[in-house]
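These notes concern the structure reproduced below.
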Amino acid sequence: MAALHGHGFAVTVLLVVLLVQCDAVEATTCAGAVPSRPRPETVSIAEFGGVGDGRTVNTWAFHKAVYRIQHQRRRGGTTLLVPAGTWLTGSFNLTSHMTLFLARGAVLKATQETRSWPLAEPLPSYGRGRELPGARYTSFIHGDGLRDVVITGDKGIIDGQGDVWWNMWRQRTLQHTRPNLLEFMHSSGIHISNIVLKNSPFWNIHPVYCDNVVITNMMIIAPHDSPNTDGVDPDSSTNVCIEDSYISTGDDLVAIKSGWDEYGIAYGRPSSGITIRRVRGSSPFSGIAIGSEASGGVSNVLVEDCSIFNSGYGIHIKTNIGRGGFIRNITVDNVRMNSVRNGLRIAGDVGDHPDEHFSQLALPTVDAVSIKNVWGVNVQQPGSIEGIRNSPFTRICLANVKLFGWRNNAAWKCRDVHGAALGVQPGPCAELTTSLSSGFCSY
């Protein structure tokens with residue numbers, strides 16, 4: 001009996017150890033880099049004349065509230081509370097050391113007064129609006145040169161009411177590039193969590209020229225036919241953490257960027273230190289994308305534990321002649337796909353140009369891309385890796401990549417690429433060797 005008791009005790013200890021180890025694995029996170037810390041002061045938008053009846057336009061109330069927070073400079077910052085209700089407003093700016101908190105039942109809704117929507121200068125790394133030359137519409141919620149900003153809540157909603165903008169795009173009546181839903185420029189210490197973003201006019205979250213950004217526990221949704229409603233687009237930004245979020249939109253779920261052709265090359269600010277972890281969702285375009293606007297360079301990207309379904313491409317790395325820049329040190333690990341048209345695409349012929357002044361000699365480089373432990377079912381085509389003749393993609397590693405559901409004649413398409421493949425189904429193309437001596441490629 002004593003022996004049995006001892007054995008039972010050992011099993012119990014082993015189970016506890018395994019549970020602790022599992023918890024440790026589950027707790028892997030980068031979200032602590034920018035925590036959502038409490039503020040010593042809270043004010044309500046209602047104190048500034050805001051009315052949450054879904055009809056009153058509250059733009060002036062938000063401007064007054066942010067002005068007060070900015071100029072009072074309370075030590076530790078101030079929380080601006082948006083209580084339950086529907087709060088209609090135009091575009092407004094945030095300020096440093098503030099938290100925008102959306103209570104449960106709160107809906108912050110953008111007006112559809114497009115004619116009076118404010119304009120902003122084009123980004124220097126793009127040289128023009130992304131859709132049209134010249135200025136662009138300011139994002140719905142905007143911040144420039146800020147530090148220590150939190151947007152969070154108790155499942156509150158930010159609704160961009162983008163359908164009016166989508167229809168203008170479809171009808172080709174836009175005067176300027178559509179507004180993003182949330183955009184931060186030249187800012188650091190940005191935390192966005194625990195809210196729902198829906199129906200953005202254009203890209204949903206756009207941190208550009210930023211450092212230390214955390215986006216976690218988010219739901220980002222838009223109809224699959226809504227044009228260019230990317231989920232999160234880190235752009236010429238460093239140390240960006242995107243975790244534990246659900247995204248279902250009309251374009252790429254996450255797209256890492258760094259400027260457009262000669263303008264991005266001249267600005268020369270890369271995106272690096274990007275982590276995308278436990279993101280799941282669907283898109284008619286790409287699950288996880290890099291580019292195609294990557295002229296400032298993209299490096300040191302980690303994508304892990306993601307789930308992509310009902311999508312066009314699972315993983316899509318895209319660039320083009322004229323882009324210049326580099327895409328390197330990319331790791332994709334433990335990604336699951338279901339009902340995806342193409343599992344993986346790495347391409348050197350994707351994307352348009354801002355004008356005719358791009359250089360045909362500005363060839364991008366793609367190097368040290370590791371795609372491992374990827375499992376897909378109902379995948380129509382495994383994918384393609386097609387480089388540029390005078391700038392072939394190098395050190396491309398596919399390891400334990402198994403994609404099922406393809407047609408009998410499905411095969412990888414490869415050209416102008418060097419790399420290795422281990423444990424790949426369907427069988428890899430000849431350009432990727434299967435030699436175990438490839439030191440850069442392993443399980």
* Tell me, which residue of segment 38-50 that is modelled with pLDDT of 95 or more and out of contact with any helix residue (DSSP H, G or I) (no Cβ under 8 Å at 6 or more places or on another chain) is farthest from Phe140 (Cα to Cα)? -> Pro40
* Members of segment 211-220 found to be touching a Leu at 6+ places or on another chain (Cβ under 9 Å) and either surrounded by fewer than 21 Cβ atoms within 10 Å (Cβ to Cβ) or not aliphatic (A, V, I, L, M) (or both), listed by number -> Met219
* Would you point out which residue out of Gln175, Gln171, Gln161 is surrounded by fewer than 20 Cβ atoms within 10 Å (Cβ to Cβ), free of Cβ contacts under 8 Å to residues at least 24 places away in the same chain and either farther than 21 Å from Ser299 by Cβ or of a type in the set (Gly, Ala, Ser) (or both)? => Gln171
* Long-range neighbours under 8 Å by Cβ, at least six apart or interchain, first residue open to solvent by 10 Å² or more (accessible area, probe 1.4 Å) within segment 50-79, second charged (D, E, K, R) -> Gly54/Lys109; Arg74/Arg39; Arg74/Glu41; Gly76/Arg39; Gly76/Glu41; Thr79/Arg39; Thr79/Glu41
* **Residue list for segment 381-414, filter: modelled with pLDDT under 95, over 23 Å from Ser292 (Cα atoms) and either among the charged types (D, E, K, R) or not in a loop (DSSP other than H, G, I, E, B) (or both)** => Arg407
* To do: Mind telling me which of the residues His206, His224, His186 ends up being open to solvent by 10 Å² or more (accessible area, probe 1.4 Å) and in contact (Cβ under 8 Å) with a residue 60 or more places away in the chain?
  => His224
* Asked: Being open to solvent by 10 Å² or more (accessible area, probe 1.4 Å), of a type in the set (Phe, Trp, Tyr) and closer than 22 Å to Arg136 by Cβ, is that true of even one residue in segment 241-249?
  -> no
* Asked: Within the set of pairs 6 or more residues apart or between chains, which connect a residue that is closer than 11 Å to Ile242 by Cβ inside segment 270-287 to a residue that is among the hydroxyl-bearing types (Ser, Thr, Tyr) and open to solvent by less than 10 Å² (accessible area, probe 1.4 Å) with Cβ atoms less than 9 Å apart?
  -> Ile274/Ser237; Arg278/Ser245; Val279/Ser245
* Structure fact -> All-but-one check, Ser295 against (1) open to solvent by 10 Å² or more (accessible area, probe 1.4 Å); (2) assigned to a loop (DSSP other than H, G, I, E, B), failing number (1)
* Asked: Limited to segment 250-273, what total is found for residues that are closer than 17 Å to Arg323 by Cβ, of a type in the set (A, V, I, L, M) and surrounded by 24 or more Cβ atoms within 10 Å (Cβ to Cβ)?
  -> 2
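The values are calculated or read from the model by the stated rules, or taken from the named source; none is laboratory data. All values reported here derive from a predicted model rather than from experimental measurement. We place every Cβ from the backbone using ideal geometry, glycine too, and count neighbours over all the protein chains shown. In case anyone asks, the SASA skips ligands and DNA or RNA and just uses the protein heavy atoms, side chains included. Shrake-Rupley method; radii C 1.70, N 1.55, O 1.52, S 1.80 Å.
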